[in-house]
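Novice: First the structure, then my questions, so here it is.
The values are calculated or read from the model by the stated rules, or taken from the named source; none is laboratory data. As the structure is a computational prediction, the values presented were derived from the model and not from experiment. Here Cβ is always computed from backbone atoms with ideal geometry, including for glycine, and neighbour counts include all displayed protein chains.
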Amino acid sequence: MHVVCPCCNSDFPIEAGLIEIDGKRLATVMAELDPSVGRALIGYLRLFKPAKSALRMSRAAKIARDVADLVAAGDVCRDERGSVRCPACVNAGAVGAGHGADGIPARPAHSPY
């Protein structure tokens, strides 16, 4: 079965996208999330792309798992209050809130990655 990439419109076998174990891990994490949080997470992952290369699937899977754990615990908030429980609908806005006034994503200041 072939699928079409939404970014470049090329078609490829669906197995190719999930052939490595880290791709499967990332897909598993994304499947567990609410769709709005998953879309925000994709935007958040863009913040971690190296300037001269692509984001490695292993790194993306690790970051996604960390964010999913924070969302599940309710520790992700739009503002900077620490460890405040938030409903899932707020978490989508919190994960995607790292955009500047010009709409360009900004890397988090204190990133452990």
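Novice: For region 1-26, enumerate the residues that are touching a helix residue (DSSP H, G or I) at 6+ places or on another chain (Cβ under 8 Å) and not acidic (D, E). So that I can check it myself, show each step before the final result.
Specialist: Step one: filter region 1-26 for residues touching a helix residue (DSSP H, G or I) at 6+ places or on another chain (Cβ under 8 Å), giving 1-3, 17-18, 20, 22-23, 25-26.
Those that are touching a helix residue (DSSP H, G or I) at 6+ places or on another chain (Cβ under 8 Å) and not acidic (D, E): M1, H2, V3, G17, L18, G23, R25, L26.
Novice: Right, another one. Looking only at region 45-89, which residues are at pLDDT 85 or above, over 20 Å from K24 (Cβ atoms) and not aliphatic (A, V, I, L, M)?
Specialist: Hits for region 45-89 are R46, K49, P50, K52, S53.
Novice: Continuing with the same structure: If I ask for residues that are out of contact with any Asp or Glu (no Cβ under 7 Å at 6 or more places or on another chain), of a type outside the set (D, E) and part of a helix (DSSP H, G or I), which ones from region 54-73 would you list?
Specialist: Looking only at region 54-73, we keep the residues that are out of contact with any Asp or Glu (no Cβ under 7 Å at 6 or more places or on another chain), and these are 54-56, 59-60, 62-67, 69-73.
Among the residues that remain, those that are also of a type outside the set (D, E) are: 54-56, 59-60, 62-65, 67, 70-73.
Scanning region 54-73 gives R59, A60, K62, I63, A64, R65, V67, L70, V71, A72, A73.
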